[in-house]
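Working notes for the structure below.
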């Protein structure tokens, strides 16, 4: 007899053969061992997925996913509170929990706290838009929340999808978080970002505080907590699409002034800099890349920043440019505002 887990997977899971040539940010994949991995960014070398395992089957696990017990690699519930693990802690836990990955998996070249896992290790994936349609049928609360967010933000439901646990159909009754993917051009998503920032700034009742910080791009509305994830609708607008990355120096320090924040709401965050210097040497054209979504929506054009990370050359059809890839939010600090 089919159990609830198998029944829900049959309803939500999409076979890998339907994936096509593109893996979008914020997409969950189901491993053959039952684990759930979270793909991030858009740089996935052929035959691999840049991701982290977030849930893995464990008989004594504290998370119930459709009747099966799971442990979690990114957060832990204890003492009546939710505690989060840092990205580096999560990265190291992969090798402690899954020793077989030590020899087979590689660190992802852009999002440094991700692993490149072989695509053939997965049974399928969860399509954000398809999951949204199913969840709106299954859960009246989600339908009401999505429709309310659509009306407030003036974004049609057709431009929306779901990530987080709802992407594979799991509604956490005690948790109002609804992780919504917004698909759009760079300009459409930038306008939406500004709208959300304005709504949150003008109405303190919408404010979200979690894990000891204020989240400027999350808000309460329509009975849900709206957590936006922005997805590139146009492949040609993805900064690191179809590129080759060559390591130059493992550790470098860049300073510069942010000139454009339109790509600061995606994974990874990408900032063009002016007046840049790398280890004290001036650079004419330079890019800062941050592979940590913890600070999306918190940077502004005109801010002067200092960042530590790997110095790389990035080759695209349009030309070659240098960049520093920072792994963690604390690797980027604001120096001043121009």
Restricting attention to strands (runs of 3 or more DSSP E) lying wholly within the stretch 19-88, give those where 3 or more residues are closer than 30 Å to residue 233 by Cβ and outside the structural domain of residue 292 (by TED's automatic domain parsing).
27-31, 36-39, 48-57
Taking into account only those residues within the stretch 184-214 that are without any contact (Cβ under 8 Å) to a residue 40 or more places away in the chain and closer than 22 Å to residue 144 by Cβ, which is surrounded by the most Cβ atoms within 10 Å (Cβ to Cβ)?
200
Whether any residue in the stretch 238-245 is assigned to a strand (DSSP E or B) and in contact (Cβ under 8 Å) with a residue 12 or more places away in the chain is what I want to check.
yes
State the number of residues belonging to the stretch 218-239 that are more than 16 Å from residue 142 (Cβ to Cβ), surrounded by fewer than 20 Cβ atoms within 10 Å (Cβ to Cβ) and either in contact with a helix residue (DSSP H, G or I) (Cβ under 7 Å, 6 or more places away or on another chain) or at pLDDT below 90 (or both).
1
Of everything in the stretch 316-338, what is over 24 Å from the mean Cα position of the chain (by Cα), surrounded by fewer than 16 Cβ atoms within 10 Å (Cβ to Cβ) and not in a loop (DSSP other than H, G, I, E, B)? Give them in sequence order.
319, 320, 335, 336, 337
Limited to the stretch 137-163, what total is found for residues that are surrounded by fewer than 18 Cβ atoms within 10 Å (Cβ to Cβ) and either within 20 Å of the chain's Cα centre (by Cα) or within 28 Å of residue 187 (Cβ to Cβ) (or both)?
9
Conditions: (1) in contact (Cβ under 8 Å) with a residue 40 or more places away in the chain; (2) buried (at least 19 other Cβ atoms within 10 Å of the Cβ); (3) outside any loop (DSSP other than H, G, I, E, B). Residue 109 meets all but one. Number of the miss?
(3)
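The values are calculated or read from the model by the stated rules, or taken from the named source; none is laboratory data. Please read all numbers here as calculations on a predicted model, not as lab measurements. Reconstructed Cβ throughout: ideal geometry from the backbone, glycine too, with neighbour counts over all protein chains shown.
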